[in-house]
2 protein chains.
Amino acid sequence: MDPRLAAVAAVLPPASFSTDPAALAPHLTDWRGQKTGHADALARPSGTEEVEALVRAAAAHGVAIVPQGGNTGLVGGSVPEPLPAAQGEGRADRPVILLSTVRMNRILNLDGEGLSLVAGAGTILADVHEAAAAHGLSFPLSLGAKGSATLGGLCSTNAGGTQVLRHGTMRSLVLGLEAVLPDGSRLDQLRPLRKDSTGYDVKQLLIGAEGTLGVITAVALRLVPAPRSRAVAWAAVPDLASALALLARLRRLAGERIDSFELVPADGLALVLRHIPGTRAPLNAGHPWHCLIELADAEADAPLAALLESALAGAAGDGLVADATIASSSAQAEALWRLRETLPEAERLDGPCLKNDVAVSVADVPAFDAAAQDAIARAFPGARPLVFGHLGDGNLHWNLRPPEGADRRDWLAAEGDAARALLHDMVMAFKGTISAEHGLGTLKAREYGRLGDPGKLAAMRAIKAALDPLGLMNPGKIFT
Amino acid sequence: MDPRLAAVAAVLPPASFSTDPAALAPHLTDWRGQKTGHADALARPSGTEEVEALVRAAAAHGVAIVPQGGNTGLVGGSVPEPLPAAQGEGRADRPVILLSTVRMNRILNLDGEGLSLVAGAGTILADVHEAAAAHGLSFPLSLGAKGSATLGGLCSTNAGGTQVLRHGTMRSLVLGLEAVLPDGSRLDQLRPLRKDSTGYDVKQLLIGAEGTLGVITAVALRLVPAPRSRAVAWAAVPDLASALALLARLRRLAGERIDSFELVPADGLALVLRHIPGTRAPLNAGHPWHCLIELADAEADAPLAALLESALAGAAGDGLVADATIASSSAQAEALWRLRETLPEAERLDGPCLKNDVAVSVADVPAFDAAAQDAIARAFPGARPLVFGHLGDGNLHWNLRPPEGADRRDWLAAEGDAARALLHDMVMAFKGTISAEHGLGTLKAREYGRLGDPGKLAAMRAIKAALDPLGLMNPGKIFT
């Protein structure tokens, strides 16, 4: 074994360190199967003390660390770089350790009256949901990968999902955070305080850093009372402006009870119906856009369905809604949600496409989409946009399928970068963001270098150099 | 004029720069009248471009800058240091410019459908409230100084107030932020995006930095639908554990409709009744603690008073509430709020005391308060704690009045530091924070150096050195 690796291995129990390629293999390829990287060893620390020892030793011996949670990231941020890029300039033989948080998966505390939960960074999101539900509470962040995604990874990408409209992104749900910084010191900010105004809130830097500023080891989360009333509707709208007008009308009636306001296009629904068994169309065909709406209330027996019905009827009268249905049972509500939640899977089964994750101000969505549709149609005739996502947050997965009949991989290889750049240029013209909830990883790092706010980029580089002067934490990510 | 100051003055219009001592004077003493600092000039830039020019010139010529908003800070952070400390070691003659954001006070945009507002850093909080209300919306952060406090200062201290329980602190209400960094470059993150996952969220560092990492020039805020129903109650409780049990009971009934849950002690109410004209006791005397509770709902005619009544009746049956009253008109609700909001002013009129701003986990409040009361009584016999604040957030203004009959200033000079240190030690034993919403400024900087998380402090120092290597931004604050 490389003596530098051996020096790191020496500070860990044997169960926490392995160089077995078979053990490493599942950690090296990303969920979408688009990138396979290289690491020399797998560390699976059992707790924060082992992470501290590991990071200290790695810093002393010049060993790079790639932290990994559930490995469900979509931008290549959670797997190491391929050789030789993993090692960076002038460090051609620097060893790389894949640090999996898989064993740090315990829920450490749940305070029902204080509405907080403390858990290890490797805790899976679905387990947090379950623990909260057992106390009549809810952790209001959910996304498709909830069965695998971990708290550490969700923090590291400032994950979003389908309830951001009401409850905010991961950042707004983190009350406390513990991390091991690149020099091996511990950031001890785990206490679930509702207020703290003592200087720079360093934990905010770890949120969204994609592992480049240290290893998140544990998190304290904000919980909310579990909703005891719920109503779900599926509404067909003629265009995006009508969808936003419907949202505004709902806001006036339902205030903050709107949990989700999701967008599904006709093409997206068709893909789901084709690829996902047991799904069926909730309305007659022929509508260009659909909104999936959920209202929720902590009060039992809140008249949410009546509220939805009144809002939808009023909107129909104004021509904003062409047709709609309200779920009359939990099973129906789940069936409607399934049409939205399986859309990424249906898209994956349909074949390769260009995936994007952009956001603009909510009010700008219709103009942005029209401009992007137009620009793409002109530059890439036949390419098929598939636009869905979190309309209430201005966050669209503005994906692009190659033209009908084209070899998808060939087309993406030839045109993908240019199409993405064109879309991103349009996003920047609307002062939006090229990554709303996925992060930069490696997939979007170069584009962010091209388009990001120069003031922010310079500050990011200065912060990275100050906290990780050796560049050992998740090298190759975020920065280009 | 000092040639370095002259070089800075040269980049600004004459109306934006003055060395007139009469113009400077109102900016040099803090609101509590406890500290008067020194500055050589007053800059009142009209907009971001002037701030950029000023900061660039100041950096080039080694001139320090103290940013100031409404100057309502409570920890000495918003005024410059007295001579010679203002200048720092080895920089005995470094000039200091007081940068007032007073002219950058325009509301630049209000998006009623997108629920956001963009305004200059010098905009006064009450003006934001008014602008939002005119659109049927609300900016849900309020505090006693709302008629003077500015957005820049509220961000710089991550201010809290009386609605944090439901809506979070300033940090959770900031969607976008523009700032000029210490090298004069612009952080251009003003767009009101609901989601953005593009690397380190640098604006989070400016929030809570108290002007030590740059000058905040504009802010994009999150608005919420204005409440159209509201109910306010005043409840007497036998002890803090009962108050928390009442809060838990309310949560089960009212979910997220609880806007405020404030604590007023018998002594605090007595001070208000004595010093604030037109106030009267809402209940018969003799109760040790009072809770001021507000429920709010965006829906009109929500049955909030009935909900409060049922919660209070149930709590009374369990012995958690000794007596209570529910406001039956807006005037009565305002009268109850006035008892809470004028408490700091009543305290000020009563004479000097030791002011604190601590927080622990909500569940720890009763045990912490008991331990602190006991420790203070033993070490400082006769000293009179006055504990009030934001119980729902675990945030107590755990203030201490000198013993009856003592010369207050003498007692505070002799015992103040030791009493504060004892209280802070107790806070740390409960893993709380010594500043929940006021910041560190100069008043708490040394205590934070003594008690703060070493990992966080080291990271803070590294960040400060990376972004402000010359130490020109608000010198003497936060760090000791």
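Within segment B:311-355, work out how many residues are more than 22 Å from B:Gly286 (Cα to Cα) and loosely packed, with under 15 Cβ neighbours inside 10 Å.
8
Any residue in segment B:18-29 that is open to solvent by less than 30 Å² (accessible area, probe 1.4 Å) and within 30 Å of B:Gly144 (Cα to Cα)?
Yes, the conditions are met somewhere in segment B:18-29.
Do you know which residues across segment B:307-330 are under 13 Å from B:Arg230 (Cβ atoms) and aliphatic (A, V, I, L, M)?
Residues satisfying the conditions are B:Leu307, B:Leu308, B:Ile326, B:Ala327.
Residues that are open to solvent by less than 20 Å² (accessible area, probe 1.4 Å), of a type in the set (Lys, Arg) and not in a strand (DSSP E or B): does segment A:53-75 have at least one?
Scanning segment A:53-75 turns up no residue that is open to solvent by less than 20 Å² (accessible area, probe 1.4 Å), of a type in the set (Lys, Arg) and not in a strand (DSSP E or B).
May I ask you to say which residue of B:Leu98, B:Leu137 is in contact (Cβ under 8 Å) with a residue 12 or more places away in the chain and under 24 Å from A:Ala359 (Cα atoms)?
Only one candidate passes the filter, namely B:Leu137.
Considering only segment A:83-96, state which residues are at pLDDT below 95 and either part of a loop (DSSP other than H, G, I, E, B) or open to solvent by 10 Å² or more (accessible area, probe 1.4 Å) (or both).
Result: A:Leu83, A:Pro84, A:Ala85, A:Gln87, A:Gly88, A:Glu89, A:Gly90, A:Arg91, A:Ala92, A:Asp93, A:Arg94.
Are there any helices (runs of 4 or more DSSP H) wholly within segment A:114-181 with 3 or more residues that are within 12 Å of another protein chain (Cβ to nearest Cβ) and buried (at least 22 other Cβ atoms within 10 Å of the Cβ), and if so which?
A:151-156
Hey, could you check segment B:100-113 for residues that are open to solvent by 50 Å² or more (accessible area, probe 1.4 Å) and in contact with a helix residue (DSSP H, G or I) (Cβ under 6 Å, 6 or more places away or on another chain) and say which is modelled with the highest pLDDT?
Per the criteria, the residue is B:Ile107.
Which one of the conditions (1) within 14 Å of chain B (Cβ to nearest Cβ); (2) closer than 27 Å to A:Val164 by Cα; (3) not hydrophobic (A, V, I, L, M, F, W, C) does A:Arg461 fail to meet, given that it meets all the rest?
Here A:Arg461 meets the rest and fails (2).
Going through segment B:256-293 one residue at a time, which ones are small (Gly, Ala, Ser) and crowded, with 23+ Cβ neighbours inside 10 Å?
B:Ser260, B:Gly268
Quick check on A:Val11: is it outside any strand (DSSP E or B) and closer than 16 Å to A:Val215 by Cα?
no
Taking into account only those residues within segment B:30-50 that are charged (D, E, K, R) and touching a residue at least 24 places away in the same chain (Cβ under 8 Å), which is least open to solvent (accessible area, probe 1.4 Å)?
Ranking the candidates gives B:Asp30 first.
Please identify the pairs in which a residue from segment B:183-205 that is more than 7 Å from chain A (Cβ to nearest Cβ) has its Cβ atom under 6 Å from the Cβ atom of a residue that is of a type in the set (D, E, K, R) and surrounded by fewer than 23 Cβ atoms within 10 Å (Cβ to Cβ), counting only partners at least 6 apart or on another chain.
If the second residue must be of a type in the set (D, E, K, R) and surrounded by fewer than 23 Cβ atoms within 10 Å (Cβ to Cβ), the pairs left are B:Gly184/B:Glu52; B:Gly184/B:Arg56.
Being facing chain A (nearest Cβ under 10 Å), small (Gly, Ala, Ser) and farther than 16 Å from A:Gly114 by Cβ narrows it down to one of B:Ala236, B:Ala254, B:Ala231, B:Ala248, so name that one.
On inspection, the qualifying residue turns out to be B:Ala254.
Within segment A:206-215, is there a residue that is more than 11 Å from chain B (Cβ to nearest Cβ), open to solvent by less than 10 Å² (accessible area, probe 1.4 Å) and out of contact with any Lys or Arg (no Cβ under 8 Å at 6 or more places or on another chain)?
Yes, some residue in segment A:206-215 is more than 11 Å from chain B (Cβ to nearest Cβ), open to solvent by less than 10 Å² (accessible area, probe 1.4 Å) and out of contact with any Lys or Arg (no Cβ under 8 Å at 6 or more places or on another chain).
Checking B:Ser242 against (1) part of a helix (DSSP H, G or I); (2) within 8 Å of chain A (Cβ to nearest Cβ); (3) out of contact with any strand residue (DSSP E or B) (no Cβ under 6 Å at 6 or more places or on another chain); (4) among the small types (Gly, Ala, Ser): exactly one of these is not met. Which one?
Of (1) part of a helix (DSSP H, G or I); (2) within 8 Å of chain A (Cβ to nearest Cβ); (3) out of contact with any strand residue (DSSP E or B) (no Cβ under 6 Å at 6 or more places or on another chain); (4) among the small types (Gly, Ala, Ser), only one is false for B:Ser242: (2).
Just a yes or no: is a residue in segment A:386-398 out of contact with any strand residue (DSSP E or B) (no Cβ under 7 Å at 6 or more places or on another chain) and open to solvent by 10 Å² or more (accessible area, probe 1.4 Å)?
no
Considering only residues that are at the interface with chain A (Cβ under 10 Å from one of its Cβ atoms) and under 27 Å from B:Gln163 (Cβ atoms), look in segment B:442-455 and name the one that is surrounded by the fewest Cβ atoms within 10 Å (Cβ to Cβ).
B:Tyr448
Residue-by-condition table, conditions (1) assigned to a strand (DSSP E or B); (2) among the aliphatic types (A, V, I, L, M); (3) open to solvent by 10 Å² or more (accessible area, probe 1.4 Å); (4) over 25 Å from A:Ser361 (Cβ atoms):
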| site | (1), (2), (3), (4) |
| --- | --- |
| A:Ala218 | yes, yes, no, yes |
| A:Pro227 | no, no, yes, yes |
| A:Ala231 | yes, yes, no, yes |
| A:Ala235 | yes, yes, no, no |
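Yes/no per residue for (1) free of Cβ contacts under 8 Å to residues at least 60 places away in the same chain; (2) touching a Pro at 6+ places or on another chain (Cβ under 8 Å):
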{"residue": "A:Asp2", "(1), (2)": "no, yes"}
{"residue": "A:Pro14", "(1), (2)": "yes, no"}
{"residue": "A:Pro21", "(1), (2)": "yes, no"}
{"residue": "A:Glu52", "(1), (2)": "no, no"}
{"residue": "A:Gly69", "(1), (2)": "no, no"}
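Given (1) assigned to a loop (DSSP other than H, G, I, E, B); (2) in contact with a strand residue (DSSP E or B) (Cβ under 8 Å, 6 or more places away or on another chain); (3) more than 18 Å from B:Asp93 (Cα to Cα), identify the lone condition not met by B:Trp31.
Condition not satisfied by B:Trp31: (2).
Among A:Lys477, A:Lys431, which is the only one that is more than 19 Å from the chain's Cα centre (by Cα), touching a residue at least 24 places away in the same chain (Cβ under 8 Å) and within 14 Å of chain B (Cβ to nearest Cβ)?
A:Lys431
Look through segment A:182-198, keep the residues that are over 17 Å from B:Val360 (Cα atoms) and part of a loop (DSSP other than H, G, I, E, B), and return whichever of them is nearest to the chain's Cα centre (by Cα).
Here the answer is A:Pro182.
Report those helices (runs of 4 or more DSSP H) wholly inside segment B:268-362 carrying at least 3 residues which are closer than 23 Å to A:Glu299 by Cα and in contact (Cβ under 8 Å) with a residue 24 or more places away in the chain.
Because the criterion is at least 3 residues that are closer than 23 Å to A:Glu299 by Cα and in contact (Cβ under 8 Å) with a residue 24 or more places away in the chain, the helices (runs of 4 or more DSSP H) in segment B:268-362 that meet it are B:304-317.
The values are calculated or read from the model by the stated rules, or taken from the named source; none is laboratory data. As the structure is a computational prediction, the values presented were derived from the model and not from experiment. Cβ: placed from backbone, ideal geometry, glycine included. Neighbour counts: every protein chain shown. Surface accessibility is based on the protein's heavy atoms, side chains included, excluding ligands, DNA and RNA. Shrake-Rupley method; radii C 1.70, N 1.55, O 1.52, S 1.80 Å.
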